[in-house]
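Structure, as structure tokens:
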Amino acid sequence: MKHIPFLDSHTGGEPTRLITALPFDLGTGSVAQKLSTLKAHHDDLRRTVINEPRGSDVLVGAYLVPPADPTCQFGVIYFNNVGYLGMCGHGTIGLIASLSYLGKVQPGVIRVETPVGVVEATLHPSLRGAERRSNPLLNEEIASGKERPRNDMYPNKVSVKNIPAYRHLHHVQVVVDGKTIHGDVAWGGNWFFLVHDHGLDVNMDNLEALTDFSWRVREQLTANGITGANGAEIDHVELFAASPQADSKSFVLCPGKAYDRSPCGTGTSAKLACLYADGKLQEGQMWRQQSVVGSLFEGSVQLDGEKIIPTITGEAWVMAQGEFLIDERDPFGNGI
Ligand code: PYC
């Protein structure tokens, strides 16, 4: 029987399953090299922890690995039901909030090496002293001795300064079921196709139509040879709409056909790069992106020479902690 510890969190409704200790060694190379080793030799662990019967299509996994970059405290590799991700915004917010819960990080800047570059997370302090003192429920808990040594008041708000984002192609025409739509191809740590003129309601009661349409957009991108830079597959589709509560609302279809419950950190980064390219967003200006479930990320861009550096802020909540038991006799022990 193998025992694999895990910690589950969600960021704006989108889950992240963190595996803090791998049961094998990935060597001393960069996180990108560690990802190659994982793909070649250990893909069964991805299926074991993320797919049914332990997981579902919705989950994103995160392996905590040692970084090679000496300026980083952690390395991380994100994965899902069909493969691996370059970066993951909601996942990084979940990772840092989970490490905060475990008492492994304090408020401040934490540098994390991903397969596509280094991101800089800032863990914001939680309830400050005065707010803690004026919180009657918390005071009651402390007075009754119920506050536990584990960090139940763990800081959970995180800003992620992402790798540079950019628009690769502008206003690309695609025909889906006889309907002509247009989208931008942009990089935010993963490849996205961003569509506005889809004509669909971006609402929870329209999820089936949104999923179906986005999937067919993706198929048309492949059929027409529309790719990211260097022929990279565009595996995320974003449908945007207006929102009374935010600057924009989006439905994001992930590579394994599940939709992102969060506003998608890498997708929001791609969106910010397009807005900046269109002159609709200035450096430092706040953008509020809402997900189809109603959760919010705040984002802005900074310039580093010609490079557009997005920062995304959100909150994550730890939900469960435990240990997977993998029984060699179980026919579905490594997932379905
Ligand atoms: O937040 O970047 C993100 C993300 C990618 C896929 C699911 N969430």
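Measuring from centroid to centroid over Cα atoms, what is the spacing of region 39-54 and region 200-224 in Å?
Value for the Cα centre distance between the two parts: 27 Å.
Using only Cα atoms, locate the centre of region 243-297 and the centre of region 75-89, then give the distance between them in Å, rounded to an integer.
Here the answer is 19 Å between Cα centres.
Compute the distance in nm between two label points, each set 7 Å from the Cα along the Cα-to-Cβ direction, one at residue 277 and one at residue 220.
Distance between label points: 1.9 nm.
Pairs of lysine in region 166-296 with Cα under 20 Å and at least 8 positions apart or on different chains: total?
4
Hey, what did the chain get for relative contact order, percent, Cα under 8 Å, at least 6 apart?
Averaging sequence separation for qualifying contacts and normalising by length gives 22 percent for the chain.
Take each of the peptides 206-214, 4-12, average the number of other beta-carbon atoms within 10 Å over its residues, and list them starting from the highest.
Listed from highest to lowest mean packing, they are 4-12, 206-214.
Based only on other Cβ atoms within 10 Å, what is the fewest-to-most ordering of 287, 215?
Least to most surrounded, the residues fall as 215, 287.
Only bridges with both residues in the chain count here: give the DSSP antiparallel percent, nearest 5.
Beta bridges within the chain, antiparallel portion: roughly 85 percent.
Dipole of region 166-296, Cα-centred, from +1 at each Lys and Arg C-beta and -1 at each Asp and Glu C-beta, to the nearest 20 debye?
It works out to roughly 180 debye.
Going Cα to Cα from residue 2, which lysines come in below 28 Å? Please leave out same-chain ones fewer than 8 positions away.
34, 39, 104
Test of understanding: ordering 251, 24, 192, 74 by Cβ neighbours within 10 Å, fewest first, what list do you get?
24, 74, 251, 192
From the P(r) of the chain, could you give the percentage of C-alpha pairs in the tail past 28 Å? Could you put the intermediate results ahead of the total?
Details: 23674 of 56280 pairs.
The answer is 42 percent, as a whole percent.
Please say if region 166-296 is rounded, prolate or oblate, where rounded means a/c under 1.5 for a ≥ b ≥ c the square roots of the C-alpha gyration tensor eigenvalues, and otherwise the choice is prolate for a/b larger than b/c and oblate otherwise?
The shape class here is oblate.
Which FRET efficiency, nearest 0.05, do residue 212 and residue 285 yield, Cβ-Cβ r, R0 25 Å?
Working: r = 35 Å, r/R0 = 1.39.
So the FRET efficiency works out to roughly 0.10.
FYI, it's all coordinate maths here, none of it is from the lab. Just so we're clear, the structure is a prediction, and the values are computed from it rather than from any experiment. Here the Cβ is made from the backbone with ideal geometry for all residues, glycine too, and neighbour counts use every protein chain on show.
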